[in-house]
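Everything on this sheet refers to the single structure shown next.
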Amino acid sequence: MKVGILALQGAVQPHEEKLKKLGITPIQVRYPEQLSDLAGIILPGGESTTMIHLLKLNKLWFPLKEFVQTKPTWGICAGSILLAKTVTHPFQESLEALDITIERNAYGRQNESFIDNLSETSDWKKFFKTDKAIEGVFIRAPRIKQLASNVKIIFKHKEEAVMVQKDKCLASTFHPELTDSTCIHEYFLSLCN
Ligand code: GLN
């Protein structure tokens, strides 16, 4: 199975290591033709504004926009901003794959970044079979302010949705690639299969 990681900017390597642990050597995606035979793609954390610029420069914007509508995709932090239908603080264009409104840098500046335990919603307890609570690493993270009724919540931090899914499209505002657990990567690969 060929799984891609968008590799224009941001936290590419930690995802690569997680996928290798799970037996997949990912493709670093930089050009449109690399999308054609992928089973799924990870849009990593980083800086969404820079990513948009580089996606356009590399003529990936429209091919990726098409890809994420139907193929398994997981956006992390900046990647989740790229996938949201509506982006605020400030407004920014996006790939519009998930009907959510997301506010950038919504917890404050870099030194307001934090790690805290998450809770999974009941439907997901059976999948994430782990005794330990899943930790969420939030780095200049966005906040999901609104979500359509067809978008399911997988994880919450306190009472807020921090990981959501619609069909095969996932978005998390935290960074699972920076903790020891591989369970969320395993979950994404199960969607690609
Ligand atoms: N603040 C970044 C943005 O707006 C996201 C940060 C991250 O990906 N860790 O794009």
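The values are calculated or read from the model by the stated rules, or taken from the named source; none is laboratory data. Predicted, not measured: the structure shown is a model, and the values here were computed from it. We place every Cβ from the backbone using ideal geometry, glycine too, and count neighbours over all the protein chains shown. These accessible areas exclude ligands, DNA and RNA; they are computed on the full protein's heavy atoms, side chains included. Shrake-Rupley method; radii C 1.70, N 1.55, O 1.52, S 1.80 Å.
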key: Tally of residues being in contact with a Leu (Cβ under 8 Å, 6 or more places away or on another chain) and among the hydrophobic types (A, V, I, L, M, F, W, C) across segment 94-110   = 4
note = Within segment 38-68, the count of residues that are touching a strand residue (DSSP E or B) at 6+ places or on another chain (Cβ under 8 Å) and open to solvent by 10 Å² or more (accessible area, probe 1.4 Å) comes to 2
Matching residues in segment 161-186 - criterion: being open to solvent by 20 Å² or more (accessible area, probe 1.4 Å) and more than 16 Å from the ligand (Cβ to nearest atom) = Lys166, Asp167, Lys168, Asp180, Ser181, Thr182, Cys183, Glu186
query = Only one of (1) assigned to a strand (DSSP E or B); (2) more than 20 Å from Glu96 (Cβ to Cβ) fails for Val164. Which number is that?
reply = (2)
task = Look through Leu189, Leu98 and report the one residue that is open to solvent by less than 40 Å² (accessible area, probe 1.4 Å), closer than 20 Å to Val12 by Cα and not small (Gly, Ala, Ser).
result = Leu189
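Scan segment 18-29 residue by residue and report those that are in contact (Cβ under 8 Å) with a residue 12 or more places away in the chain and open to solvent by 10 Å² or more (accessible area, probe 1.4 Å).
Once the filter is applied, which keeps residues that are in contact (Cβ under 8 Å) with a residue 12 or more places away in the chain and open to solvent by 10 Å² or more (accessible area, probe 1.4 Å), segment 18-29 yields Lys18, Lys21, Leu22, Ile24, Pro26, Ile27, Gln28.
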key: Filter result (touching a residue at least 24 places away in the same chain (Cβ under 8 Å), of a type in the set (A, V, I, L, M, F, W, C) and away from the ligand (no atom under 16 Å from the Cβ)) within segment 42-60   = Leu60
ask   = What are the residues in segment 137-160 that are closer than 15 Å to Ser113 by Cα and open to solvent by 30 Å² or more (accessible area, probe 1.4 Å), if any?
value = Ile139, Arg140, Arg143
request  = Please work out if Ala141 is outside any loop (DSSP other than H, G, I, E, B), within 16 Å of the ligand (Cβ to nearest atom) and at pLDDT 95 or above.
outcome  = no
remark   = The one condition Phe128 fails out of (1) outside any loop (DSSP other than H, G, I, E, B); (2) out of contact with any Lys or Arg (no Cβ under 7 Å at 6 or more places or on another chain); (3) hydrophobic (A, V, I, L, M, F, W, C) is (1)
Criterion: farther than 29 Å from Gln110 by Cα and open to solvent by 10 Å² or more (accessible area, probe 1.4 Å) - qualifying residue of Pro32, Pro14 = Pro32
request  = Determine whether segment 71-86 contains at least one residue that is surrounded by fewer than 24 Cβ atoms within 10 Å (Cβ to Cβ), at pLDDT 95 or above and closer than 12 Å to Lys166 by Cα.
outcome  = yes
